[in-house]
Structure formats: structure tokens, C-alpha cells
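Comments concern the structure below.
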Amino acid sequence: MENILDDYAHQNALRDVDTRLKLVLGGGAIIVGILSTGPVAPLFIAVSMAAITVFLARIPGRFYATLLTIPLSFAVLSAGVILFLQGGGETLFALPVGGITLTATTGSADQAALVLARTFGGMCSLFFIALTTPMVEIFAVMRALRLPAEFVDLAMLIYHFIFMLIGEAVATHNAQEIRHGYAGFRNSLRSFPMLAGALFVRAWEKGEDLILAMDARCYDGKFALDERGDGPSPLSTAGVAVYLAAAGAIALLTGGVQPF
Amino acid sequence: MREAIEFQDVHFAYPNRPESLRGIDVAVREGSKVALVGPNGAGKTTLLLMCNGMLRPTRGAVRVGGVPVHYDARSLREVRRKVGLVFQNSDAQLFAPTVWQDVAFGPLNLGMEKDEIKEAVDRALHQVGMNGYERRPPHHLSGGEKKRVAIAGVLAMEPEVLVFDEPTSALDPATAEEVMDLLDELNHEGRTVLLSTHDVELAYRWADEVVLMESGTVLRHGSPETIFSDTALLHQARLKPPAVMDLYRELSDRGLFNGEKPPRSALAFTDLVESLAGGRRYQDRCGTISIWDAA
Amino acid sequence: MREAIEFQDVHFAYPNRPESLRGIDVAVREGSKVALVGPNGAGKTTLLLMCNGMLRPTRGAVRVGGVPVHYDARSLREVRRKVGLVFQNSDAQLFAPTVWQDVAFGPLNLGMEKDEIKEAVDRALHQVGMNGYERRPPHHLSGGEKKRVAIAGVLAMEPEVLVFDEPTSALDPATAEEVMDLLDELNHEGRTVLLSTHDVELAYRWADEVVLMESGTVLRHGSPETIFSDTALLHQARLKPPAVMDLYRELSDRGLFNGEKPPRSALAFTDLVESLAGGRRYQDRCGTISIWDAA
Amino acid sequence: MHIMEGFLPPAWCLFWFLVSAPFVVYGMYQLRILMREKREALPLLAVAGAFIFVLSSLKLPSVSGSCSHPTGTGLGAVLFGPFITSILGLIVLLYQAVFLAHGGLTTLGANLFSMGIAGPLLAYAVYRGGQKVGLNTYLTVFLAAALADLFTYVVTAAQLALAFPAEAGGFVTSFLAFAGVYAVTQVPLAIIEGAVIALTFKYIIDV
């Protein structure tokens, strides 16, 4: 089972910083990154967001590095396609593959570099939100943003069940594994549907249990939200404003920079 | 004294199954500590689910505070507010993202005001000793902590009667003891406490009254001493007597005790054995003295 | 005698967590019955998951049958065939639509022939006394029956070592006793049995050797008598001594016993108390006799 | 196949949000009605959502990398209808982004369209169609799952191609290039997933 980033978010050093402020910082950085027309600003965002997450929020560096490999394969493959599809400028190199020749030009290289930079800037900003802001804090913000109550309630219940079902899935997966359920492809193909099916049946039972549990406490269509918090400190608000302004300025000033 | 909960000839069958309750007549006095004891499958959980109208008897009636339970939405709300039910599996009971939200669920749905809710939640968390955990998600808590939060969620609705299904199941001994101490405290504050268990040691130490169940019937309702000294009855319910009771009975059978009240704890038992041995020692000394006299 | 399982300075930490095992050195003799005893969170389950390579120590080594466990697919297959692991929660362990399919899961994955599989499943179901349940869906069975099927699923792979995580958790006393009897039988047939529990009564009655764990370390490894008579040590592990041991110690402290071996069962304890009372009576009689003599 | 955060140009992010919006809005409306009529639907919807999430975070046999699992939502479409399922898809995608770092926030609209709307709609259509012509149930489920998986991947490739059309040949060339690059992983994945879902379905029916 993969790491659930939310578990880290509950222990990070920025846990008690105001939720909205963290969302504005992460979300603002994402937007500045994709609006930037040059790769410098997204790269600046990637590096600074990674630094904030690792040094200020104290997320283990090695873990952060492994996280970055998740977008890597997608980004590199897709940027590779862009490199050979788009054009403009002079030809950088040509690669004969089979009957066709793949050509990379300065224009396409610039475009690929920009997309790569944006992806990393975006992912680092997303990691910042994911690793510093527990989902439970975001629910209150969702409600404050006037998202429909049914939607937020459903999201909260799904949150609860995800952790419950992950526990069940891991237990069943382990039980299968010790009986050689994942030794080889054929065994896996037999085991996985059993796992999924058993999990579905169990999930359904849990859902029915929950109906009982909610009724026992007089469920009347309402879910509580914990809306405490002192609001952001002026200093941190100013810090976020300065950071976003700086990132924006860099994006404007370096928008025309083309590395190739 | 008033009866907090009364079952009158209660029958129940899940659809397409044989009856799981076959005529239960039990009354739980207000302010008492009652343990439903029996093996798994005896119908304990089914009976508990009737205390607040979660299940409806197929025959017979349930009374809460002297009033028969009605099964319309409005009456059910009333009953569920009066009778708080804590399930065996805390994971099934804690469904909100944070401890605070979970405990606030009942009060909010009862239509309390924001300030009232805050107060009720704080008080409930304080009662179970879980202040400071408000913003934690339940899935990061230990088994004992989850149980406490589950209890707080019920306490926040200020019930008069508390019902627990196997409150110590899957807890280790120290944690189980803490939970039982908490139940004692809640009872001291005036609440009736009814629980189910198959742990005879726990029931023997803790309960004022024991209801022994087996295959959907009540075998006996009485004091822990009466019930747990009846080996044949316990055997019928596939249970063994508590350890001290077992030793007491063995020693009684061998004629070493007679007529003493069975001890309820290791300490009481020790006192009993000591008095037995001490008594002998005293006689012994008498004998010795008489020898000296005779010489 | 050979060691079935050996832990050598085993350390383990889940990612981003403090160490949950902090240097475990334990050897389990072939053919023995060993209980890992400790409170929840002591690291018992984590240690058990290392017995067949489900978890890999972050430091130190695990040996099975004298051979260090390697973590490539091939070696793991070998180890998992030798060491069968039964989890605490039977529900998560039984995933196939019928009992037969569940027990056949292991043999099928091992690539056995059809006839062999049938034989292995029949034998395993027979061993746990669940013949006749082949076509039932596991989630309709009782807790004790589920546990038996889970054990059969592991037995069908004919392991030399059986490892159980809290085998009696959530079972009622009579069912728990039956499961423990089954474990005894399996041990008599020559298999090493290692289990974890926080039930000191069970461990005291059942185990040849007890490993007392607390916060990821082994506090003591020895005979049940030695470990459960050390109240300070048990207190450190947040456990209480077994009832008979507790009574024995209380009485010893008051000077009523001296030097006798602590009793292991209620019966042995009764004998001890009777001999104590009887012994006094005997002396008493002596005194009386001397009086008569003197007269 | 999730499109990563930052990968799509801002105009296309906005475009896909707008395309998905009607489905979501109508889904919300249906959800509200459902909850007013049947309060106990909420817990069951919630377990279905969690199931989709957990299923997609378990790795399929022998294929590494993240997989799309639009068929989890396909199952939802059969149970709850395609519009409410789009709400489940939205929540699941949000959690995949912030819990697992799969996908992203600005690309949420695009990912929702391919995985939470297009895939399930096709799965739903194939399932209904298969039932109508009396096809074997497991074969129907296999086809629904595998085709929905393939369709999702085709839609994603189209989304990428629209955002980054080729200099020579425009959208078509670009589409073929993106589709080709990911075909290596996505086509076997679709077949395996179809088989897995069909077997899962058989399991559930058997129990």
C-alpha cells in the first residue's frame, strides 16, 4: 500500500498554521506556475516549495524525493512527445526511428522544457498542500466556500471509509500473500478479484453498520464541522503575499526566456 | 426504585432465521450496574439494540423509564437521547473526520445551539479524559482512546442510561481496567449502566446484578455471587466460574470453608484463606500450650 | 534441539514512525509452545509478521530452521510454506466465496495437482473439525468456526511452524478453550506453535515458554512460572498476574506458603491450600495427641 | 492515467472544468433529492466512493505505475446512475491528488471528464446494451470494464493532443503520438482490469 500523504500532514511542523493561508500559498503558486510563459518561474516555485516543505514543514527529505518520482515518468514521457511533435525555430537534432524521423527543434524543446517546469512547479505546490494541510481542516474551508452540504458530508464520510477499507484491504492482501496469492502472474490474477470482491462485500456491510451507528445518535441530516482557529498571523500573511508577489514578478520578468 | 429499562416477554427474529430472542423478561433498576453475561450468540447484542429502539421486538414490549417505546421517528429520537448505546466495534461508531466532529454529531443532530454544542463536547471529552485530542482523526488513535471517544460521543447527548456492547473486547487488560473504571465513574454520577460481556471475571468484579443469557433466553437474573456460584448453571451457558469463585468452591467442596460469603476479589479471598489458616494456627497454639501445661 | 525461529537483534520501524521493535533476541525451540505476552502496542504483531518474511527487519536477522530469511520471491515462498501465519482478524483472512475455496487457496497457489489439493483441503478441514462446511460462505460462520477455517487454510500448506496472532481475541471462553485445545493437538503432532496474546491466564496455562514484551523490547524470556511470579516485571508490562498466581503470591507474602512451586491451575492451587490447612490440622492433631499422652 | 498537476495550459484547464461542470451540477441536484428521500443512501454512497479509491490505490497484478480504474466508477454508474457517480469521481480524484499525488488540482476538470464521466458513461452504456441483447453477464462486464478503461485512456490522449497539437498534422498526429506512447501500458492494463472486474463481479454474485 502506498503512503497516504494525509498521515504526514497531521505531524508536520506547519500543522497549526491557518488552513486558508496554506491553501492560498499552495494554490497561488500552482496558478502562477501554469500562467507563466517561461520555465524560470515554475522552476523557482518548484525549488522554493520543496524547500518550504522539507525545511519548514520538516517532511523527511528522502520521502519527499521518492514522492517526486511519481510525476516523473508521466512528465518525462509526455514532454518527450511534445519535444518531437511541436516545432518552430531551428532543428536541434533528428532521430531516425524505423521509417520516420523524429525531429526536435528549438521551439519544441522550449515548449517541452516549459511543460516539464510547470509540472514540477505544480506538483511541488500540490505536495506542499498535501503534506502540510490535513484533509480534516480542508472540510471546514469547503463548507465556508458554500460548497453544497451534501457534497462536503459525502466527502467526509468517504474520508473515514478510505482509512477503514485500506486497513481491511491490507489485512486481506497480507493473508493472501502468505498463502502465495501473489507469487506469479496467474496467482495474482486469481487473488486480486477475490480481494476486490471481498472488499466490496465488506464495504457494503460497513455501510449498513454506519446507518445503524448514525441512527443511534439521532442522525437528522447534519454533520458537525470544527471551525475553530485564530486566523492567520499578520506576519505569515505578509510572508505569503510577498512570496506570491515575487513568484508573479519572476513569471512576468522571465516570461520571454527561452532556454533553447 | 424506578426501572430504567424493562423487557416484557420480548421475542425477536431476524428475517428468515430462527428466533434469536425467545421471551425475555428483565428489568434494569435505575442507577444500577447490570451485566448481561453469556456466550457469543446468546442474543446479548440483539437485546441491547432494543434498548434504544434500534431493533423492534417481533413480540413483547420494551419500556424505557416506565414508558413503552414507540417506533415513530419522533419517539425514537427521544428514546435514543435517553439511552446511549456504545457499540462493540469503535471503528464502526467513529465516522467523522475528527474527534471533535464525531462527539459533536449527536448534539448537532439534536438541534442544539452552537455554544451548547461546544460546551457539551468539551464536557464529554473531559469526562472521558480525552481533552486535547479534538483535532485528531479517529484512525490515528489507539483502541482504548477510540473507545473513550465513542463513549464521549454518546455522553455528549446526556443520556440517563448507558448501554455498552462488550466494552472491553480487544482491549488489553490495563486499558480494559481503565475503561471499566470510567464506567464506574459514570455510574457514580447517577447513570444506569447496562453492559454485555462474556468475561465472567469482569462481570463478577463490576456488576451489581448479573443477567445470565443463553440461546435467546434468560437463565437467571440475580446477584453476581448467586449466579457465579452455580456451576451447573454456568456450565449450561458454556461459561466457567471466575477464578476466585472457582477456588472458593473447590475449597468449600473439600470442607475447608463453610458458610462464608464467597469472596469477590483476590484480596478478599486471601483474607478468607488467612483466617482459615490463622484459625488453625490459633488452635495449634492452644494445643501447644496445653502440652506445656500438662508437662 | 534445533531452533525453529530465531530473531537476532531485530529492529523495525514503520516509515516516519519511531522504532516499534528495538533489538529483539529470541529463539523458539522446535516443537515448543511459546507465548508472546504483552500489552497492545508492544510490538507482538510486528514481530510475528517477521516470522515468515511479511516484514523485513530494518536491522538484524531472522532465521527459520537455522537458515537466515532472504527476501527474494523464491526464498519467501519457501519460508511461507514452512511458517504458517494466522491473523487476529478472521474476517480479513477469509476472502474466498466458500470454505472449500478458501482452504484450497494456498495449495492451488503452490501449484499442487487437483487430487493433491482435494486431499490437502480434506485433511486440513478434518484436523480443525470443520468437515461438512465446505460449501458454506465463510462470512456466515460463527467466530470460532471462522477461526478454525482460517487455521485450516494455513494447515493445508503443511507448515512446520504455526504462528497465531491473538488466536482467542473476541471469542467467548468456551470457544477460546476449544481453539486452544486445537492448538495443543497441532503441537502434539510435532509442530512448533508460537502465539501472541495479552491474556495472561491463557499464556500461563498453555505455554511452555513465555516471552514478555513491552514497547518493542523483550523484558524476559522464561518459564511461565518465573515470569508470572515476578509482579514488578508484569507491572512494567502493564499486565496483572494470573488469578491463581496472584492468590499464591498474596498468601506467600503473608507467610502462609514458603518455597512451594506456584500452582498452574485452580486444582493445583486447591491442593496447595488444602495441604496448608491439612498440614496445620496434622500438627494440631499431634498437639492433641501429646496432650492425651501427657494425660 | 492521471494528467499531472501543471501539465495542461491554463486555458485547457478552464475548458475541461467547464465541460465537466454540468454533469457535476446535475449530479449535486440528484444527490440532494436522493438524500432528502432516502437518508440511508449517504453511507452506501460513501462506502462506494471509498471502495473506488482503495481499489485504485491497490496495484493491479504485474503492472506498475498508477492506473485509472474508471471501472470502479463504472460500477458506481450501474448502482447509482452516471451523474451521482460523477460526484463520487470528483471526490475520489481530489483524494487521489492530495493523498497519493496522482493527478492534480488544476487538471481535476480534465481528469474528471475522462475518468469520472466519459469512462463510466461508456461502461454504463455497454452494460445496458449487453443486457439488452442478452450477452453473457460476465462477458458484458468484461467488455464494459475493458472498453471503459480504453476509452478513458483515449479521451486522455485526446485531451493532451488538444492541448499540444503537432506542428505538422495537428491534433491527429499528436493524438496518435500520445495514444501510442501510453498504449504500451494502457492496453494490457485495460484487458487485465476488464478481467479483474469481471471476476470481482462474479465473486460478488457468488456471495
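The values are calculated or read from the model by the stated rules, or taken from the named source; none is laboratory data. Everything numeric here is computed off the predicted structure, so don't read it as measured data. Reconstructed Cβ throughout: ideal geometry from the backbone, glycine too, with neighbour counts over all protein chains shown.
List every residue pair whose Cβ atoms lie under 8 Å apart, where the two residues are 6 or more positions apart in sequence or sit on different chains, the first residue falls within region C:109-138 and is modelled with pLDDT under 95, and the second residue, located anywhere, is of a type in the set (Ser, Thr, Tyr) and part of a loop (DSSP other than H, G, I, E, B).
Close Cβ pairs satisfying both conditions: C:GLU134/C:THR98; C:ARG135/C:THR98; C:ARG136/C:THR98; C:PRO137/C:THR98; C:PRO138/C:THR98.
Could you list all residues from region C:200-215 that are part of a strand (DSSP E or B) and of a type in the set (Val, Ile, Thr)?
Keep residues of region C:200-215 that are part of a strand (DSSP E or B), which gives C:209-214.
Those that are part of a strand (DSSP E or B) and of a type in the set (Val, Ile, Thr): C:VAL210, C:VAL211.
Report, ordered by the first and then the second residue, all pairs with beta carbons closer than 6 Å, sequence separation of six or more or different chains, a first member in region C:252-271 that is more than 13 Å from chain B (Cβ to nearest Cβ) and at negative phi, and a second member that is surrounded by 15 or more Cβ atoms within 10 Å (Cβ to Cβ) and not hydrophobic (A, V, I, L, M, F, W, C).
That search, which allows pairs on different chains as well, returns C:PRO262/C:GLU225; C:PRO262/C:SER229; C:PRO262/C:TYR248.
Can you work out which of the residues in region A:34-88 that are facing chain D (nearest Cβ under 7 Å), of a type in the set (S, T, N, Q) and assigned to a helix (DSSP H, G or I) is surrounded by the most Cβ atoms within 10 Å (Cβ to Cβ)?
The residue in question is A:SER78.
Among residues belonging to region A:92-102 that are within 12 Å of another protein chain (Cβ to nearest Cβ) and surrounded by 10 or more Cβ atoms within 10 Å (Cβ to Cβ), point out the one that is nearest to A:MET49 (Cα to Cα).
The extreme case among them is A:LEU102.
Quick test of your reading of the structure: A:ASP110 fulfils all but one of (1) assigned to a helix (DSSP H, G or I); (2) surrounded by 21 or more Cβ atoms within 10 Å (Cβ to Cβ); (3) more than 10 Å from chain D (Cβ to nearest Cβ). Name the failing condition by number.
If we test A:ASP110 against (1) assigned to a helix (DSSP H, G or I); (2) surrounded by 21 or more Cβ atoms within 10 Å (Cβ to Cβ); (3) more than 10 Å from chain D (Cβ to nearest Cβ), just (2) comes out false.
Is it the case that some residue within region C:13-26 is buried (at least 22 other Cβ atoms within 10 Å of the Cβ) and in contact with a strand residue (DSSP E or B) (Cβ under 7 Å, 6 or more places away or on another chain)?
Yes: region C:13-26 contains one or more residues that are buried (at least 22 other Cβ atoms within 10 Å of the Cβ) and in contact with a strand residue (DSSP E or B) (Cβ under 7 Å, 6 or more places away or on another chain).
Looking at A:ALA247, A:ALA196, A:ALA213, A:ALA203, which is the one that is in contact (Cβ under 8 Å) with a residue 40 or more places away in the chain, within 9 Å of another protein chain (Cβ to nearest Cβ) and part of a helix (DSSP H, G or I)?
On the way: A:ALA247 fails: within 9 Å of another protein chain (Cβ to nearest Cβ); A:ALA196 fails: in contact (Cβ under 8 Å) with a residue 40 or more places away in the chain; A:ALA213 fails: in contact (Cβ under 8 Å) with a residue 40 or more places away in the chain.
Step by step, each of A:ALA247, A:ALA196, A:ALA213, A:ALA203 is checked, and only A:ALA203 is in contact (Cβ under 8 Å) with a residue 40 or more places away in the chain, within 9 Å of another protein chain (Cβ to nearest Cβ) and part of a helix (DSSP H, G or I).
Looking at C:VAL200, C:VAL179, C:VAL211 in this structure, which one is crowded, with 24+ Cβ neighbours inside 10 Å, closer than 23 Å to B:ALA243 by Cβ and among the β-branched types (Val, Ile, Thr)?
Numbers: C:VAL179 fails: crowded, with 24+ Cβ neighbours inside 10 Å; C:VAL211 fails: closer than 23 Å to B:ALA243 by Cβ.
When all the criteria are applied, what remains is C:VAL200.
I need the full set of residues from region C:124-144 which are more than 9 Å from C:VAL99 (Cα to Cα), more than 14 Å from chain B (Cβ to nearest Cβ) and surrounded by fewer than 19 Cβ atoms within 10 Å (Cβ to Cβ), in order please.
Passing the criteria: C:HIS126, C:GLN127, C:GLY129, C:ASN131, C:GLY132, C:HIS139.
For region C:79-106, which residues satisfy the criterion of being over 17 Å from C:ASN52 (Cβ atoms) and not aliphatic (A, V, I, L, M)?
C:ASN89, C:SER90, C:ASP91, C:PHE95, C:PRO97, C:THR98, C:TRP100, C:GLN101, C:ASP102
Only one of C:VAL218, C:VAL244, C:VAL200, C:VAL211 is under 17 Å from B:THR270 (Cα atoms), among the β-branched types (Val, Ile, Thr) and in contact (Cβ under 8 Å) with a residue 12 or more places away in the chain. Can you tell me which?
Matching residue, one of C:VAL218, C:VAL244, C:VAL200, C:VAL211: C:VAL244.
So, in region B:33-42, of the ones that are small (Gly, Ala, Ser) and more than 16 Å from B:LEU85 (Cα to Cα), which residue ends up farthest from the chain's Cα centre (by Cα)?
Here the residue is B:GLY41.
Take region C:59-107 and flag every residue that is more than 8 Å from chain A (Cβ to nearest Cβ), of a type in the set (Phe, Trp, Tyr) and either buried (at least 21 other Cβ atoms within 10 Å of the Cβ) or out of contact with any Leu (no Cβ under 9 Å at 6 or more places or on another chain) (or both).
Scanning region C:59-107 gives a single hit, C:TYR71.
Within 28 Å of the chain's Cα centre (by Cα) and not assigned by TED's automatic domain parsing to the domain that holds A:ARG15: which single residue out of A:LEU244, A:LEU189, A:LEU235, A:LEU154 fits that description? Show your work before the answer.
Values: A:LEU244 fails: not assigned by TED's automatic domain parsing to the domain that holds A:ARG15; A:LEU189 fails: within 28 Å of the chain's Cα centre (by Cα); A:LEU235 fails: not assigned by TED's automatic domain parsing to the domain that holds A:ARG15.
Residue meeting the stated conditions: A:LEU154.
Of all the helices (runs of 4 or more DSSP H) wholly in region D:112-207, which have at least 3 residues that are within 10 Å of another protein chain (Cβ to nearest Cβ)? Working first, answer last.
Numbers: elements: D:119-132, D:137-163, D:170-206.
It comes to D:137-163, D:170-206.
Might you let me know whether region A:128-139 holds any residue that is touching a helix residue (DSSP H, G or I) at 6+ places or on another chain (Cβ under 6 Å) and of a type in the set (Asp, Glu)?
Yes, the conditions are met somewhere in region A:128-139.
State all residues of region C:170-199 that are within 10 Å of another protein chain (Cβ to nearest Cβ), of a type in the set (A, V, I, L, M, F, W, C) and in a helix (DSSP H, G or I); if no residue qualifies, say none.
C:ALA174, C:ALA176
If A:VAL152 meets every condition in (1) at the interface with another protein chain (Cβ under 7 Å from one of its Cβ atoms); (2) touching a residue at least 40 places away in the same chain (Cβ under 8 Å) apart from one, which number is that one?
(1)
Working only within region A:216-233, note down all residues that are more than 7 Å from every other protein chain (Cβ to nearest Cβ) and either assigned to a helix (DSSP H, G or I) or among the charged types (D, E, K, R) (or both).
Within region A:216-233, A:GLU227, A:ARG228, A:ASP230 qualify.
When region D:103-139 is examined, which residues are found to be of a type in the set (Val, Ile, Thr) and farther than 24 Å from D:THR156 by Cα?
Answer for region D:103-139, where residues must be of a type in the set (Val, Ile, Thr) and farther than 24 Å from D:THR156 by Cα: D:VAL133, D:THR137.
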